[in-house]
Structure formats: structure tokens, C-alpha cells
Amino acid sequence: MKARQRKIRIFDTTLRDGEQSPGASLNIAEKLEIARALEAMGVDIIEAGFPFTSPGDFDAVAGVAKAVKKSYVAGLARCVEKDIEAAARAVEDAAKPYIHVFLATSAVHRKHKLRKAKSEIVRLAVEGVSFARRFCDEVEFSPEDASRTEPDFLCEVVEAVIDAGATAVNIPDTVGYALPEQFGGLIRHLREEVSNVDQAVISVHCHNDLGLATANSLAAVANGAGQVECTVNGIGERAGNAALEEIVMSIATRRDFFDCTTGINTRMLYPNSRLVSGLTGLAVQRNKAIVGENAFAHEAGIHQDGILKERTTYEIMRPEDVGVPESRLVLGKHSGRHALKDRVSALGYRLSPRKLDQVYERFKALADKKKEIFDADLLSLVEQQMSEAPALFKMKSFHVSSGDTTIPTATVVLETAETVRQDAACGDGPVDAVYKTIDRITGISGKLVDYNIRAVTSGKDAMGEVILSADFNGRRYSGRASSTDIIQASAEAYLNAVNRAAAEQTAAGGQGGKSSKKSARRAKSRAKEQP
Ligand code: KIV
Ligand code: ZN
């Protein structure tokens, strides 16, 4: 009889390291939405944030801890008592609490950042782990910059923290410096040299500075690592972290090689990738493995011919296995609310009757403009509906005039619960003119940081989907919208970001007031604290 396959734990850090991506910023409601999606997908551990760094991070971790039941919920902490206490308090209501402590161990960090000798590092690491164990049964220790740490010293630290009660030891390639063979060798070395290694799970956490995060993580798995830390779409500090979808699909597709499994429902990879990109405002590159637009597109005639004769000639995974919707005509102008509901649930979404009504309204408006409605169109409408912030300002109408011989000008009419406001402005182009007008009406001025537009399906009548992020008073907010009119999609996406900013700033006491200055300060101090 064949032995049971080793299960690799998936530790998702989208909400912590992922949120450290330049350009990403999530509010608590958005973090909760992502956490629930990660739990439903089967993630073993969700790292929800770094509670000590700001009250916002603390509340987000605490909120996720209360909401999530099946996955462990982790809070990050330095090896410092006040950090660990904050992490412990943040996860105390979790069904499965988890504390993750870290301390740098490499020579360069010891000398320049920490100014501490090896013996002091070992002492602090052990004290940090023992202190965390007072609050929580599951404690992970990360020797930051492990891949550049002297291997023998790394073994000494790992052995000491396991003795102190660490239940997992994570080996980070913090600066993305490792190479697969070498990193795999390091994991093998730890497994061979650390006497108590079997008493803890060996985890890995790889950054993508050389584009090797997935390869390094997989080399570690092949050499005995039992846990991989990763993020949806590979977002994260600098070039990002290992991408969850790449790790999971590599292990699933090459089961013959790894002889391992994960507990991830792979059909949720694509919807969750879209959810994260929509809420963070970080678009997924077209040729991104597994979840990119082109990941299953066969362009060359020879390939198309092969696929038609036998799919496996050129396809190692089926799009449906990762939840990519089929690109077929699904609904038309005469399809009713029932047909829409059926198709939306077949795509894996459960909408409340109110949300379904709103999607149906948008669907009918789209069907008037576009004869054929595909799954990808529907997905875009549903996701826009789901990621929409409570709308303080609603678009009533807009008009733009533009051309190569006129000054682009926009007129916009917005409505709030109490009033209808309109204004006009000129800009460098039609989108700029609309954004300037929205700024004038709302009194909230944003600086566009990132703007991406893509066609949701092929064809000249395709919807354009805009994903953007904008800076309001030092805080980033994302926005997303789709329409067959790309100026409208651009306007609605920006308004979506404005509404997020307005909602947060209203809750905190008004734009330009203390709170927004505080949030800018917090953002700054957070930047200093992040590993
Ligand atoms: O990259 C890193 O070293 C980290 C640690 C906190 C695990 O993010
Ligand atoms: Zn990291």
C-alpha cells in the first residue's frame, strides 16, 4: 500500500507582507473579505498583519481573528515584549491563534542594523519565543535574512528556538538572494544538523528579487520543508513573495515529483487572484503564470491544432482546475434574473438578493450595449459590485469633450444622499479632466499612483476594466470599474477610490484634519517598522 502523501501547509501572508507592496493598501473590511476567501480556499495559516505597528493593523488582525474559524490566524511581532503582547491580544479571540516572531540573524544585519553579537541574538530569539509561548500554543520563529546567515549559526539559532518551544521555524530568503539548489541544500542541512528539527515544522518564505521565489520555495519542499509562506499573485515587499497559486499548482501538477499535497481548493485560485488585485489595485501581468490573462491562451496555429486534437499536447493544467471561467457566450439581452443568478453561482459567487439586483441592473445596461455577454463580463460586473465601497458620491452623469484641437474638458454630475453637485474642469486628456472635476466636486484631491486598463473580452465592443490606485493625503486607496465606455470606467474607478477615502476619513474625522495627518504619520512609522 502506498504511504500517505506529505501535506505541505500553506501560510498566506497576503495581508501582511503582501500589503507591504508599494501601492497596496487595504482597509479592514477589505482585509476581512480577503481573509474569508483565503479560509474558504483552504489556506492553513493566514498572517493578517503586524499588530504593534498601528491601531489599524491591530484592529485588522483582531477582526480577522474573530471572523476566521478554520485557518490559524497569525500576528507578526519582533522579539520584543510589547510587540508580542500586541500580537497575542490581537489573535486572542481566534479559534486557532498563532504568533509569528522574527529577529535578524545574518552578519550584515547583526553588525549594522542590530549591533548585536551572535550570543545576544540567540538569547533574544529564545526569550521572544518563550514569551510568545506564554500566550499561544502555536509560535513560529523567523531568523530574518536566514539565507545570508552563516549555516552553522543558523543551525544553532534554529535548535535553540525549537528548544524554547517554537512549533514552526521559518527560513526566510528576505532579500531574494538565494538560488534553488543552494536554498534546497540549506533546508537539507538544517534537517540533517539540527538535532530537534522533527519537533517543529520547517517553513520557507522567499522573496522574488531575482525572480526565483517560487523555484526556491519548491526546492525547499523537495528537501523536506513542510510549510510555504506565499501571497496571492505574488504581491509583497519590493519584487514580491512566492506566489501562492504557483506553489499550489506546481505541487498539484508535479505530484509525480513532489509526492505531496496541499489543502487548497485550486478552483478558487483565479477568483481569489481577481479579488486581491481588485482590492489592492495591483493589476496582474498578462503573462503571469496560472492566473494571468494569457496563462491558458494558445496563439500559435500549431499549438491550437494540437490542442484541438488532444488537449494535453500543449496544456499541463486545465483552466477550469484553477477556476478560470470559460470564454463562451453565456447570456444575452433576453436572459432573466434567474439565468443570471444561476450563472453567477456556477462561477462560485453567492450574492445577497440586493447585490444580485444591482448586478442585474448593470447586466441589463451592458446587454443593451453589447450583444454577447461572456463569463468574463459577468465576473467583472460581480467583482465590481463586490469591491464597491459604500458610495458617498454616486455618478449621475458625465460629459467629456476631447480631440486633437480642443482642450479636453469634462462636466460631471455627482449625487450624495442629500444633494446633487456638478462642476466642470479642463485637463491634459479626457480622463484627467474628469478626475479634476471629481476632485473639485468632492473637495477630496487624489494623486493617481497607478492606472491599468484592459479589455475584459476580445472584440471592439468589449468592456474596458480599469484598476487604479490613488493617494489621498498620504494614504493609498484602490478603485475598480468596468464599462464599454472607457472614460466611464475610468471615472467610476476613480470615484470608487474617492468613496473609500471619504468613508475612512469621515469615520476618522474629516479630510485634512488630525486623523488624515495621523494616518500619514502612521504610514510613515509603519514603513520604518516593517521587516
Ligand atoms: O522577508 C522576511 O524576512 C519576512 C519575515 C518577517 C518572515 O517577511
Ligand atoms: Zn518577507
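The values are calculated or read from the model by the stated rules, or taken from the named source; none is laboratory data. Computed from a predicted model, the values in this text were never measured in an experiment. In this analysis, Cβ positions are derived from the backbone assuming ideal geometry, glycine residues included, and neighbour counts consider all displayed protein chains. Side chains are part of the model used for accessible areas, which takes the heavy atoms of the whole protein and leaves out ligands, DNA and RNA. Shrake-Rupley method; radii C 1.70, N 1.55, O 1.52, S 1.80 Å.
What to note about this one:
- As a fraction of the 1.4 Å probe accessible area of the chain, surface on carbon and sulfur atoms comes out at 51 percent.
- If a spin label sat at a point 7 angstrom from the Cα of ARG286 along the line to its beta carbon, the backbone N atoms of segment 439-462 nearer than 18 Å would be those of 451-462.
- Size descriptor for segment 45-171, Kirkwood hydrodynamic radius: 14.4 Å (Cα pairs only, one decimal).
- Hypothetical label at GLN304: residues of segment 446-468 whose amide nitrogen lies under 15 Å (7 Å Cα-Cβ projection): 458-459
- With all pairs of different C-alpha atoms in the average, the Kirkwood value for the hydrodynamic radius of segment 6-280 is 18.1 Å.
- In this simple spin-label model, placing a label point 7 Å from the Cα along the Cα-to-Cβ direction at both ARG254 and ASP461 gives a separation of 4.5 nm.
- Kirkwood Rh, Cα atoms: Rg over Rh of segment 261-395: 1.00
- Here the label points at LYS7 and SER397, each 7 Å from Cα along the C-beta direction, are separated by 5.9 nm in the simple model.
- More than 35 angstrom apart: percent of Cα pairs within the chain: 39
- In this structure, the pairs whose alpha-carbon distance is over 30 Å, taken from LYS69/LYS118; LYS333/LYS355; LYS31/LYS82; LYS66/LYS355; LYS371/LYS394, are LYS69/LYS118.
- All alpha carbon pair distances within segment 115-264 were sorted into 5 Å bins beginning at 0; the resulting P(r) in whole percents reads 2, 10, 19, 22, 19, 16, 8, 2, 1, 0.
- Length-normalised contact order for the chain - Cα pairs under 8 Å, 6+ apart - percent: 11
- Order by protection proxy (mean Cβ within 10 Å, highest first), peptides 43-50, 194-201, 151-158: 43-50, 151-158, 194-201
- Taking 0.36 nm per residue of separation and subtracting the Cα-Cα distance, full extension of the segment from ASP137 to ASP404 would add 89.5 nm.
- Approximating the spin labels as points 7 Å out from Cα along Cα→Cβ, the ALA297-to-ALA346 distance works out to 2.4 nm.
- Solvent exposure of the chain amounts to 44 Å² per residue of accessible area, where only protein heavy atoms count and the probe is 1.4 Å.
- Gain on full stretching of the segment that runs from ARG337 to GLU92 - 0.36 nm per residue minus C-alpha separation: 83.9 nm
- Relative contact order (%) - segment 365-500, alpha-carbon pairs under 8 angstrom, separation at least six: 21
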